[in-house]
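See below for the structure under consideration.
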Amino acid sequence: MKSYLSLVPISAKVRKRQNRMTILCVIISIFLVTAIFSVADMMIRTQSDRMTGKNGSWHIELDGISQETALKIAERDDVVSIGAVTIFNPDGELPYRMDGKRVVLYGIDESYLTMNSTGAAEGRFPQGMGEIMLSSNAARVLQVAVGDTVTLRTPSGDWDFTVSGLGGVEESYYSGQYSLMDAYLPRTAFAALMEQNNVHNLQTSYYVQFTSASKAAKAIPELTAQHNLPENAVSENTGVMAIAGQSDSSAAKNVYSLAAVLFVLVLLAGVLMISGSMNSNLAQRIQFFGMMRCIGMSKSQIIRFVRLEALNWCKTAVPVGVLLGTLASWSICAALHYGIGGEFSTTPVFQISPVGLVSGIVVGIVTVLLAAESPARRAARVSPVAAVSGTGENLSASRHASNYSFGKIELSLGAHHAIAGKKNLFLMTSSFALSIVLVLCFSVLLKFAGLLLPGQAPWQPDILLNGYGNEQVLSRSMAEQLRAIPGVGYVWGATGLTNTPASSPQKEVEHVVLGSYDDFMMEKSRDLVVAGRMADQAASSNEVMTIYNKNNPLKVGDTVYISGRYLTIVGAFSEGMFPDDVTVICPQALFDRLVGAQNYNMIGVLLNDSATEQTVMQIAHLATDEIIVSDVRERNSQEAATYLASRIVVYGFLAIIGLISLFNIVNSISMSVSARTKQYGVMRAIGMDGSQLTRMVAAEAFTYAVSGLIVGCIAGLLLSRMLYARLITRYFGMTWHLPGMTLCLIILFVFAAAALAVHAPAKRIRNMAITETINEL
């Protein structure tokens, strides 16, 4: 033997069975890290492709610069491409029509189109004065194809163009549109068209694609200073920059912070689990370390011995943990790709993630070293006297007998065993508490994610009809006409009157958005009431609702004077159809009494199971020059898929943390019993039976459970309430309530885990002979 460290592989062989549980803890920790970071890597790849497809591959947009400045920027070594665009008639309100449909005109170069889409879905980019490219919905709405001729009607006359391609930068948006389309012209043809119609002083924007997002982030301050650009002249492609971790957006920074917190929680869960296992493992080897001290091993050598022993476990744990984590990530990605689909249909499935592998290996080893630090120093403090005297743990001497006046002796001894080991008590309590905190906090985040998705609103339509410029052009007879179409389930109508004069005795209010909800909307919005109650819908009632907004001064109980009547606000919705700071929602009968029967601003159509494509086309034929018809089913489906995926990820993460906590307490109780085998043998020798031993082990386990519940519930409730106030109450108005059902499930899980932890070690002790337990080393 060249050194004491040569004993590490010998010790591993001798204690193969005892080390098995600790190695399993390390495997689970590495598995968890590898799985989470591999899935995160695949999600980043998916979202990166999605953001590029949705928002374009450009990094920054420059407004108000000259063409000469743009050419100078294009000469930079870190710039890949720069594209120009001039947009005219962005709302489709001016008299530019194509077959009676409103048209938004774009003057672009091919670089802009390439950076904002995959190019033409059909055909090619227009060349010369006589060619045009139309948005993808044009083929369906205008019934044209590549090579056909279309006529653009303008105030100065008609222009005939040959359709060179179909596609464009807003293909996903316009695929559900039946009333508005984009027309893309080469910049020279666009300039000639604008000149003939006497349109001048249009602003050209330049989109710049850099070699990487990090280069773009560094270039923004350089370009601003070099070309003396105003502050609002530079804007970033938030989706692309954020997914690369380079965005200055406050929302993106919050996501980065959340990712950092998740990383710390994962690392902490691994450290607690491995530390608890190593701490219990060490308790069985006090005599061994004391004997090594007796034969000359120094404290620093003991510390190196324990560290090397921990790293030795990694030889087995790292490859197994990485393999299991990779397989788990493949399963999750496959579930997202094939099970949910939608925006996750492009999620890579059977791909190796270098980030996941490296994270699993590095974080796994770092976690093991961090977890080994405290047990190593504890082992170094073992006195050689412990080996000679045969003492088990270096527990502090008791100054008085254990108090068992409030229960049987075995229960008092079990609780005493849990409390006496301060380090083990801390680790076990922390493990339980961490799981409880995560459950309570992630349940808040899950609710917040659901509220952010408008597709989850109970009245979310499949087909939406709007008046251009929010004009009230949708008659009530049109709603009845829609209800008569086969395949239509429900139809609702809503009217919103902006800048309605109003006053309130309680608050400073001058104008409000006065909105109407019909009976269907009011009924479906009952679950959205976050304060007060639902307004009475009787024709004689003066009760109204408001929509919660952090800038809305109106509260439940306030009165507001509108159109010669005092209206009482009896409730508040968390969200509504009219996003504004100050909104008053009236039942339809009250709205008609206040301002008379009005046309609708919008009509929502919910389809039933018998709806066909013919149903959609019948509704689409209602689109006119004044009415926008939008098919929003695909958007709703994507939002529902996103919400389902977020639930799967959150609940999956909580399940993993819960299983780790369950495994941790089972393992810790088992190893704690193993460490006290000799004590239990003595107790059996003096008359303690198997049932008493079981109750003693149970008392120890439930002491850990109760301490973890107390700490976890206190910390978790405080943190969840803080998160709820900042994320939900602030933006949606919902007040925090004690999560009784969640707490009951937590308590049930914790006590079930404690009961499960007792079974195996207690059975092992009962089945061992007294002589065997006394002689156990």
What's the extension gain from LYS218 to LYS447 if we count 0.36 nm per residue and subtract their Cα-Cα distance?
78.8 nm
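Quick one: length gained pulling TYR338 to ARG593 fully straight, 0.36 nm per residue minus the C-alpha distance? Write down the numbers at each step before the final one.
Details: separation 255, 0.36 × 255 = 91.80 nm, distance 5.26 nm.
Full extension from TYR338 to ARG593 adds 86.5 nm.
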Around GLY487, what is the net charge, scoring Lys/Arg as +1 and Asp/Glu as -1 over all other residues with Cβ under 14 Å from its Cβ?
-2
What percent do you get for the relative contact order of the stretch 461-631 when only Cα pairs under 8 Å and 6+ apart count?
38
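Starting with the fewest neighbours, write out ASP462, ASP160 ranked by other beta-carbon atoms found within 10 Å of each beta-carbon.
On the way: ASP462 21, ASP160 10.
The fewest-first ordering by Cβ neighbours comes to ASP160, ASP462.
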Residue order, fewest to most surrounding Cβ atoms within 10 angstrom, among TYR207, TYR178:
TYR207, TYR178
Span per principal axis, largest first, for the Cα atoms of the stretch 60-236 (Å):
48, 33, 27
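How do MET734, MET129, MET545 line up, fewest other C-beta atoms within 10 Å first? Write down the numbers at each step before the final one.
Values: MET734 19, MET129 14, MET545 29.
Least crowded to most crowded, the residues run MET129, MET734, MET545.
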I'd like to know how the stretch 561-664 sits against the 2.2 N^0.38 Å rule of thumb: what's its Cα Rg over that expected value?
1.73
Farthest toward the dipole's positive end in the stretch 461-631, which of VAL605, ASN551, GLN481, given Cβ charges of +1 (Lys, Arg) and -1 (Asp, Glu) about the Cα centre?
ASN551
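Dipole of the stretch 60-236, Cα-centred, from +1 at each Lys and Arg C-beta and -1 at each Asp and Glu C-beta, to the nearest 20 debye? It would help to have the intermediate numbers written out before the result.
Numbers: 11 positive and 23 negative charges, 39 e Å.
Dipole magnitude for the stretch 60-236 comes out near 180 debye.
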In range of the label at ALA74: residues from the stretch 177-217 whose backbone nitrogen is under 18 Å from the point 7 Å along Cα→Cβ:
185-191, 204-211
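State whether the stretch 461-631 is rounded, prolate or oblate according to the following rule on the C-alpha gyration tensor (a ≥ b ≥ c being the square roots of its eigenvalues): a/c under 1.5 gives rounded; otherwise a/b larger than b/c gives prolate, and the remaining case gives oblate. Provide the component values of the computation, followed by the final result.
On the way: a/c = 2.20, a/b = 1.88, b/c = 1.17.
Because a/c hits 1.5 or more and a/b exceeds b/c, the stretch 461-631 counts as prolate.
Of LYS299/LYS408; LYS218/LYS447; LYS299/LYS763; LYS423/LYS447; LYS422/LYS763; LYS218/LYS550, which pairs sit farther than 31 Å apart, going by alpha carbon to alpha carbon?
Values: LYS299/LYS408 41 Å; LYS218/LYS447 37 Å; LYS299/LYS763 37 Å; LYS423/LYS447 36 Å; LYS422/LYS763 26 Å; LYS218/LYS550 35 Å.
Over 31 Å apart, Cα to Cα: LYS299/LYS408; LYS218/LYS447; LYS299/LYS763; LYS423/LYS447; LYS218/LYS550.
Taking a ≥ b ≥ c as the square roots of the eigenvalues of the Cα gyration tensor of the stretch 318-370, is the shape rounded (a/c under 1.5), prolate (a/b larger than b/c) or oblate? Please report the intermediate quantities before stating the final value.
On the way: a/c = 3.18, a/b = 2.80, b/c = 1.13.
Taking the square roots of the gyration eigenvalues as a ≥ b ≥ c, the stretch 318-370 is prolate.
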For ILE686 and ILE295, what is the calculated FRET efficiency with R₀ set at 51 Å and r taken between the beta-carbons, to the nearest 0.05?
0.90
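With Cβ to Cβ distances under 14 Å as the rule, what net charge do the other residues near LEU606 carry (K, R +1; D, E -1)? Show your work: numbers first, answer last.
Numbers: positive: ARG483, LYS524, ARG633; negative: ASP462, ASP518, GLU523, ASP609, ASP631.
Net charge in that neighbourhood comes out at -2.
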Between GLN351 and ASP625, what is the label-to-label distance in nm when each label sits 7 Å out along the Cα-to-Cβ direction?
4.9
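Taken together, the values in this text are just the output of simple stated rules run on the coordinates, not laboratory data. Quantities reported herein were computed from a predicted structural model and do not represent experimental measurements. Glycine also receives a Cβ, built like all others from the backbone with ideal geometry; neighbour counts cover every protein chain displayed.
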